[in-house]
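The values are calculated or read from the model by the stated rules, or taken from the named source; none is laboratory data. What you are looking at is a predicted structure, and each value in this text was computed from that prediction instead of being measured. Because the Cβ atoms are built from the backbone with ideal geometry, glycine has one as well, and the counts that use them run over all protein chains shown. Ligands, DNA and RNA are stripped out before the accessible areas are found, and what is left, the full protein with its side chains, is counted by its heavy atoms. Shrake-Rupley method; radii C 1.70, N 1.55, O 1.52, S 1.80 Å.
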Amino acid sequence: MTATLVTNNRNTGAWLVLLLAGVFEVGYALSVGGSQGFSILSWSISALVFFLLTLFCLSVALKRIDVGIGYAVWAGIGSVGAAALGPVFFDETLTPARAFWLAVIIAGVVWLKLADSPKLETKSKAAMLGATQP
Amino acid sequence: MSWLYLGIAVIFEIAVALAASKAQGFTRLWWTITTLITGAIATFFLSLALLTFDVGVGYALWVSVAGVGITILGAMLFGQRLNWRQGAGIGIVIVGVVGLQLGGAA
């Protein structure tokens with residue numbers, strides 16, 4: 001009972017760190033864009049800081065969370081965040097057509113990362129085995 | 001030119017993923033350094049690509065094409081065939097990238 005609670009708490013912490021990594025990844029993407037080819041110092045420093053933060057948080061989270069699932073969530077937050085906030089920070093427009101195709105691409109990469117997950121593979125196999133049993 | 005920069009950024013991002021997986025939670029020094037260096041190079045070329053692409057578009061293209069590359073390279077390295085889920089994911093990404101291009105949105 002106690003062991004289960006401890007595991008749950010640890011996983012909750014790992015998921016929070018993963019979400020944080022996703023948020024930092026959005027900051028990284030926006031900063032890299034804003035740096036104008038690393039010619040603007042403030043955005044460049046911001047990009048470097050977010051780069052280290054996102055990498056650190058992702059590595060911490062992936063110690064507890066399955067790699068495929070972790071990457072899927074991280075990449076999903078990063079790309080949705082960059083697409084949504086790009087027009088807020090810069091002179092960019094997100095037309096409905098562009099938003100649609102971006103959503104397709106992001107869905108594809110999230111699906112792909114989940115497909116790489118050994119954990120989900122095992123689970124679906126187990127489910128199939130379970131289903132065939134009387 | 002922006003597509004060339006994006007392509008170089010993608011290749012280095014694939015290298016980042018490989019190095020990061022070898023770094024084992026950044027406990028191995030040289031793989032950690034390799035991760036940081038390849039990451040810095042990938043970031044630099046991404047920033048050059050983003051001089052032309054909008055952030056949302058360029059970033060999504062970068063992450064997704066690198067993701068496809070990592071999956072294909074991973075299958076090649078371990079001598080495995082891609083399963084139907086991976087094939088479908090690659091297909092969805094390609095449809096999205098082509099759609100974005102044809103729509104003139106990229």
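Distance from the alpha carbon centroid of the range B:5-44 to that of the range A:24-85 works out to 14 angstrom. For the peptides A:89-97, A:65-73, A:36-44, A:23-31, the ranking by packing is A:23-31, A:65-73, A:36-44, A:89-97, with the highest mean count of neighbouring Cβ atoms within 10 Å listed first. Shielding value for A:11-21 is 0, the average number of Cβ atoms from other chains within 10 Å of each residue's Cβ. Each Lys or Arg adds one and each Asp or Glu subtracts one; over the other residues with Cβ under 10 Å from the Cβ of A:GLY86, this totals -3. Taking the Cα centre of the protein assembly as shown as origin and assigning +1 to Lys and Arg Cβ atoms and -1 to Asp and Glu Cβ atoms, the resulting dipole is close to 820 debye.
Please average, across the residues of B:86-95, the number of beta carbons from any other chain that are within 10 Å of each residue's own beta carbon, and give a whole number. Can you show the working numbers first?
Values: counts 5, 2, 4, 10, 5, 3, 9, 8, 3, 4.
Mean number of neighbouring Cβ atoms from other chains: 5.
Protein heavy-atom accessible surface, 1.4 Å probe, per residue over the range B:2-102: 49 Å².
Here each label is just a point 7 Å from Cα along the line to Cβ, and for A:LEU16 and A:PHE56 those points are 1.7 nm apart.
With a cut-off of 14 Å between beta carbons, the residues surrounding A:PHE51 carry a summed charge of -2, where Lys and Arg count +1 and Asp and Glu -1.
Note on B:LEU29 and B:VAL98: their simple-model spin labels are 4.9 nm apart, each label 7 Å out from Cα toward Cβ. Just checking the listed ones, B:GLY96, B:GLY74, B:GLY25: in the Gaussian network model of chain B with Cα springs under 10 Å, the one fluctuating most is B:GLY25.
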